[in-house]
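Undergrad: Have a look at the structure that comes next, please.
The values are calculated or read from the model by the stated rules, or taken from the named source; none is laboratory data. Keep in mind it's a predicted model, so treat the numbers as computed, not measured. Because the Cβ atoms are built from the backbone with ideal geometry, glycine has one as well, and the counts that use them run over all protein chains shown.
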């Protein structure tokens, strides 16, 4: 898993006559970029909006506002197709419910992560 961290600085200040009583405050907001591979059928469903969530082994941390990048794998293969899509994480829920995709030991250790996501649109 590739994980990038980006810091966004925001400056808040009040423009008032008695400004010497107020401080300008800088807030650093941490944003991560989580990169994962996904089988073609799930890549298609997420990309076209039919599947606005991701279920993943919770072996990483994320929060709303982070970017989730998916790399498509060819059907029935682990080879990458070259197609990627970026999504914003809106909500996440860690659950320990068993699923058929992971061993009981992995689920017991990490739990599962359910993420509500949406496609990111970049201005050009």
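Undergrad: Listed residues 75, 37; which is modelled with pLDDT of 95 or more, closer than 23 Å to residue 103 by Cα and either in a strand (DSSP E or B) or in contact with a helix residue (DSSP H, G or I) (Cβ under 6 Å, 6 or more places away or on another chain) (or both)?
TA: Working: 75 fails: modelled with pLDDT of 95 or more.
Result: 37 is the single residue among 75, 37 that is modelled with pLDDT of 95 or more, closer than 23 Å to residue 103 by Cα and either in a strand (DSSP E or B) or in contact with a helix residue (DSSP H, G or I) (Cβ under 6 Å, 6 or more places away or on another chain) (or both).
Undergrad: Could you tell me which numbered condition residue 42 fails, if it satisfies all but one of (1) at pLDDT below 90; (2) closer than 27 Å to residue 85 by Cβ; (3) not in a strand (DSSP E or B)?
TA: Every condition holds for residue 42 apart from (1).
Undergrad: Of 84, 67, which residue is modelled with pLDDT of 75 or more and more than 11 Å from the chain's Cα centre (by Cα)?
TA: On the way: 67 fails: more than 11 Å from the chain's Cα centre (by Cα).
Result: 84 is the single residue among 84, 67 that is modelled with pLDDT of 75 or more and more than 11 Å from the chain's Cα centre (by Cα).
Undergrad: Taking the stretch 58-71 on its own, how many of its residues are surrounded by fewer than 17 Cβ atoms within 10 Å (Cβ to Cβ) and part of a strand (DSSP E or B)?
TA: The total comes to 2.
Undergrad: Can you say whether residue 102 is surrounded by 13 or more Cβ atoms within 10 Å (Cβ to Cβ) and more than 17 Å from the chain's Cα centre (by Cα), as far as the supplied structure shows? Lay out the reasoning, then the answer.
TA: Working: surrounded by 13 or more Cβ atoms within 10 Å (Cβ to Cβ): yes; more than 17 Å from the chain's Cα centre (by Cα): yes.
When the stated conditions are applied, residue 102 passes them.
Undergrad: Is it the case that some residue within the stretch 80-93 is over 18 Å from residue 118 (Cβ atoms) and crowded, with 16+ Cβ neighbours inside 10 Å?
TA: no
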